[in-house]
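Engineer: Before we start, here is the structure in question, set down as structure tokens.
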Amino acid sequence: MGPDGTACPSPPAVRPATHPPIIVLGAGLSGLSLTCALLDAGVRSSITLIDRRRGYTRDRTWCTWETADLRFPSAVTHRWASWSVGGPDGVQIATSHRHPYVHLAAERVYVAALERIDAAPTVTLCLGESVRDAVCGPGPGPGPGAPVRVTTSARTLEAPLVFDALGPHSPLAAGAPPDRLDFAQRFVGWEIESDRPVFNPAVATLMDFLPHAGVGVTFLYLLPFSPTRALIEHTAIEPLAAPAVDRDAALAEEIARRWPEIRYECRHRERGLIPMTPRRFPTERGPGLYTIGAAAGAIRPSSGYAYSRIQRQVSAVAGAVATGRPLPGDVADPRTLLLDRAFLQALASSPDPARLFQAAAAMEPDAFARFMTDAGGPRDVLAAVRALPVREMGAAALASLAGGWGRAGRRGWAPAGDGPGGAERPRAADPATASGRVPRYP
Ligand SMILES: Cc1cc2nc3c(=O)[nH]c(=O)nc-3n(C[C@H](O)[C@H](O)[C@H](O)COP(=O)(O)OP(=O)(O)OC[C@H]3O[C@@H](n4cnc5c(N)ncnc54)[C@H](O)[C@@H]3O)c2cc1C
């Protein structure tokens with residue numbers, strides 16, 4: 001159904017030679033961002049956007065470092081030029097006026113995207129519709145390939161170009177076996193209003209380490225919106241299978257311990273689990289069916305950040321669609337991915353894992369911000385390698401880094417069964433046979 005409750009039409013029959021229709025499965029951050037990016041790039045195809053959700057609420061908090069290409073800048077509510085990481089080596093405060101840490105309210109991101117989409121007569125947003133399957137045609141050959149057939153809870157529809165933006169647990173992904181380095185970032189956050197000023201609104205706390213049992217780290221994350229208002233999250237980065245913790249109780253205890261003098265009201269609560277896996281995700285499931293966002297592995301395995309990476313990816317994809325270039329195959333620089341894997345490997349074995357994060361955060365602040373958002377280049381990746389405690393990251397991790405450095409190419413994501421973690425299989429045709437098939441769109 002459309003947002004107004006009416007039945008969603010199938011993609012209109014447009015002349016395929018000029019504006020072949022596009023279907024975007026999933027209207028979360030990456031599906032909405034891609035649709036806006038396609039519009040910005042001047043793509044005039046009809047775009048059908050499908051999501052099972054029935055509306056948009058404040059369902060998460062996005063933070064990232066501001067770079068020139070930040071999408072939805074109107075959604076930014078706060079900027080912090082300084083951020084801190086505190087742990088065994090003391091508290092480090094970094095400052096970057098060029099790339100401040102920014103908070104984007106989810107509800108504002110959604111409104112900005114929906115306004116853009118509402119104003120575009122070529123886009124149809126269909127909510128309350130679950131995607132069940134997407135089957136690719138037999139494959140390439142000269143000219144446009146057979147369309148991808150999508151089945152939802154409401155209908156079957158087809159288009160030559162379909163994007164899977166269904167998130168990290170896309171139902172279109174074949175079940176991938178777990179990786180021994182699968183981590184999860186679990187958190188509970190309270191936005192509180194205190195009866196007296198106790199927060200320093202000039203510095204966002206990225207990590208303030210707390211005692212942690214077992215593999216991983218636990219820390220407090222604090223976004224000070226004013227001297228009396230802050231979002232405080234009790235967070236752990238730990239193996240996916242780690243036992244559950246009562247984070248609300250732990251958070252209440254920590255607030256009482258740090259600020260025993262305050263009385264406060266909790267204005268908003270959020271909780272979440274961000275998968276942090278070094279598995280390689282396919283960016284192409286078969287001819288005409290591409291993944292974007294978390295479904296393409298955009299969530300950074302070492303940090304859980306994905307906002308900037310998603311924006312970078314959708315801009316590149318939209319540019320390629322608009323100009324008829326091959327769609328970009330990599331959601332991340334393969335060197336960054338290898339470094340992230342080495343980081344998780346070290347996290348899994350280090351006796352003092354907090355030091356790993358502190359070492360990364362000790363990078364020169366502009367370089368750190370660029371590295372965290374993929375806005376830099378090899379020089380920033382090298383700066384990260386220099387900053388990290390390479391001895392602690394271990395010989396095995398470094399070997400994997402060195403061995404893989406040149407391995408991943410333009411389509412760097414390993415296809416089915418090709419090495420560790422490359423276990424997701426395309427739904428229909430082998431992506432290898434499909435690569436180089438360029439959907440030509442005006
Ligand atoms: C709680 C939380 C907080 C985060 N905070 C940050 C942050 O501060 N900074 C940062 O950089 N990253 C953050 N991330 C990571 C990342 O930015 C988000 O996960 C981001 O939302 C990923 O976007 P996506 O569109 O790929 O997936 P999603 O936003 O998850 O969107 C997937 C969409 O697909 C829909 N869908 C799923 N299955 C179906 C189906 N079968 N049929 C129809 N629709 C379906 C869902 O309803 C959803 O709308 C956070 C993640 C979470 C979970």
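Engineer: For segment 302-320, name all the residues that are buried (at least 24 other Cβ atoms within 10 Å of the Cβ) and more than 19 Å from Leu166 (Cβ to Cβ).
Structural biologist: Within segment 302-320, Ser302, Ser308 meet the criteria.
Engineer: If you go through segment 226-235, how many residues are surrounded by 18 or more Cβ atoms within 10 Å (Cβ to Cβ) and in a loop (DSSP other than H, G, I, E, B)?
Structural biologist: Summing the residues that are surrounded by 18 or more Cβ atoms within 10 Å (Cβ to Cβ) and in a loop (DSSP other than H, G, I, E, B) in segment 226-235 gives 0.
Engineer: Here's something else I'd like to know. Pick from segment 178-203 the residues that are closer than 16 Å to Tyr221 by Cβ and part of a loop (DSSP other than H, G, I, E, B): which of them is nearest to the chain's Cα centre (by Cα)?
Structural biologist: Pro201
Engineer: Now for a different question. Please go through (1) within 26 Å of Pro227 (Cβ to Cβ); (2) out of contact with any helix residue (DSSP H, G or I) (no Cβ under 6 Å at 6 or more places or on another chain); (3) in a loop (DSSP other than H, G, I, E, B) for Ile93 and return the number of the only condition it doesn't satisfy.
Structural biologist: Result: Ile93 passes all but (3).
Engineer: Further question: Condition (residue is within 16 Å of the ligand (Cβ to nearest atom), in contact (Cβ under 8 Å) with a residue 60 or more places away in the chain and not basic (Lys, Arg)) applied to segment 257-271: is it met by at least one residue? Walk me through it before giving the result.
Structural biologist: Here is the first cut: in segment 257-271, the residues within 16 Å of the ligand (Cβ to nearest atom) are 268-271.
Adding the requirement that they be in contact (Cβ under 8 Å) with a residue 60 or more places away in the chain leaves 268-271.
From what is left, the residues that are not basic (Lys, Arg) are 268, 270.
Yes, because at least one residue in segment 257-271 is within 16 Å of the ligand (Cβ to nearest atom), in contact (Cβ under 8 Å) with a residue 60 or more places away in the chain and not basic (Lys, Arg).
Engineer: Just to be sure before I move on: is Tyr290 within 15 Å of the ligand (Cβ to nearest atom) and in the same structural domain as Ala316 (by TED's automatic domain parsing) in the structure I sent?
Structural biologist: Numbers: within 15 Å of the ligand (Cβ to nearest atom): yes; in the same structural domain as Ala316 (by TED's automatic domain parsing): yes.
Here the answer is yes, as Tyr290 does meet what is asked.
Engineer: Let me ask something else. Against the conditions (1) over 30 Å from Ala105 (Cβ atoms); (2) assigned by TED's automatic domain parsing to the domain that holds Leu32, where does Gly319 fall short? Just the number, please.
Structural biologist: (1)
Engineer: Would it be correct to say that Phe209 is surrounded by fewer than 20 Cβ atoms within 10 Å (Cβ to Cβ), farther than 25 Å from Ile299 by Cα and in contact (Cβ under 8 Å) with a residue 24 or more places away in the chain?
Structural biologist: Details: surrounded by fewer than 20 Cβ atoms within 10 Å (Cβ to Cβ): yes; farther than 25 Å from Ile299 by Cα: no; in contact (Cβ under 8 Å) with a residue 24 or more places away in the chain: yes.
Here the answer is no, as Phe209 does not meet what is asked.
Engineer: Pick from segment 41-65 the residues that are away from the ligand (no atom under 12 Å from the Cβ) and over 25 Å from Ser170 (Cβ atoms): which of them is surrounded by the most Cβ atoms within 10 Å (Cβ to Cβ)? Even if it seems obvious, please write down each step before you answer.
Structural biologist: First pass over segment 41-65, keeping only residues away from the ligand (no atom under 12 Å from the Cβ): 41-48.
Filter once more, so that each one left must be over 25 Å from Ser170 (Cβ atoms): 42, 44.
Numbers: Gly42: 12, Arg44: 15.
Result: Arg44.
One line per residue, one yes/no per condition, for (1) within 10 Å of the ligand (Cβ to nearest atom); (2) small (Gly, Ala, Ser); (3) free of Cβ contacts under 8 Å to residues at least 12 places away in the same chain; (4) closer than 25 Å to Ala75 by Cα:
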position: Leu104; (1), (2), (3), (4): yes, no, no, yes
position: Leu114; (1), (2), (3), (4): no, no, no, yes
position: Asp133; (1), (2), (3), (4): yes, no, no, no
position: Ala202; (1), (2), (3), (4): no, yes, no, yes
position: Thr205; (1), (2), (3), (4): no, no, no, yes
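Engineer: Under 9 Å between Cβ atoms, which residue pairs at least 6 apart in sequence (or on different chains) link something in segment 54-72 that is free of Cβ contacts under 8 Å to residues at least 24 places away in the same chain and outside any loop (DSSP other than H, G, I, E, B) with a partner that is of a type in the set (S, T, N, Q) and more than 9 Å from the ligand (Cβ to nearest atom)?
Structural biologist: Filtered contacts from segment 54-72: no entries.
Matching residues to (1) in a loop (DSSP other than H, G, I, E, B); (2) closer than 22 Å to Thr152 by Cβ; (3) at pLDDT 95 or above:
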| residue | (1), (2), (3) |
| --- | --- |
| Pro9 | yes, yes, no |
| Ser84 | no, no, yes |
| Val111 | no, no, yes |
| Ile117 | no, yes, yes |
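Engineer: Check segment 214-224 and report whether any residue there is without any contact (Cβ under 8 Å) to a residue 40 or more places away in the chain, within 30 Å of Ala295 (Cα to Cα) and within 14 Å of the ligand (Cβ to nearest atom).
Structural biologist: yes
The values are calculated or read from the model by the stated rules, or taken from the named source; none is laboratory data. All figures in this text were calculated on a predicted structure; none of them were measured in a lab. For neighbour counting, all protein chains shown are included, and Cβ atoms are generated from backbone atoms with ideal geometry for every residue, glycine included.
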